[in-house]
């Protein structure tokens, strides 16, 4: 998906560059390029995914046990964990 920045009549080059950077980071393009910079073996990717899942599960458990936590933080973690809870 291309990133399109509309230039106004009084937009300077610096403003356009700033808007482009913001749009590129928002669309996650920079992270994808960084991830593809080096090859990672499929076993390593699975291991990292498992480590992240366990970390999120532990974090969700500690948030549920804590008092005065917002429902939105719990729902956000449940969404990130997916169906494997």
Estimated 222 nm signal from helices in the chain, with DSSP H stretches of n ≥ 4 weighted -39500 (n - 2.57), rounded to 500: -21500 deg cm²/dmol
(i) 36, 12, 8; (ii) 19, 13, 12; (iii) 36, 22, 9, with the label sought being that of the calculated semi-axes √(5λ) of the Cα gyration tensor in Å: (iii)
Fewest-first sequence of 59, 65 by Cβ atoms within 10 Å of each Cβ: 65, 59
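FYI, it's all coordinate maths here, none of it is from the lab. Since the structure is predicted, the reported quantities are computational estimates derived from the model, not experimental observations. In this analysis, Cβ positions are derived from the backbone assuming ideal geometry, glycine residues included, and neighbour counts consider all displayed protein chains.
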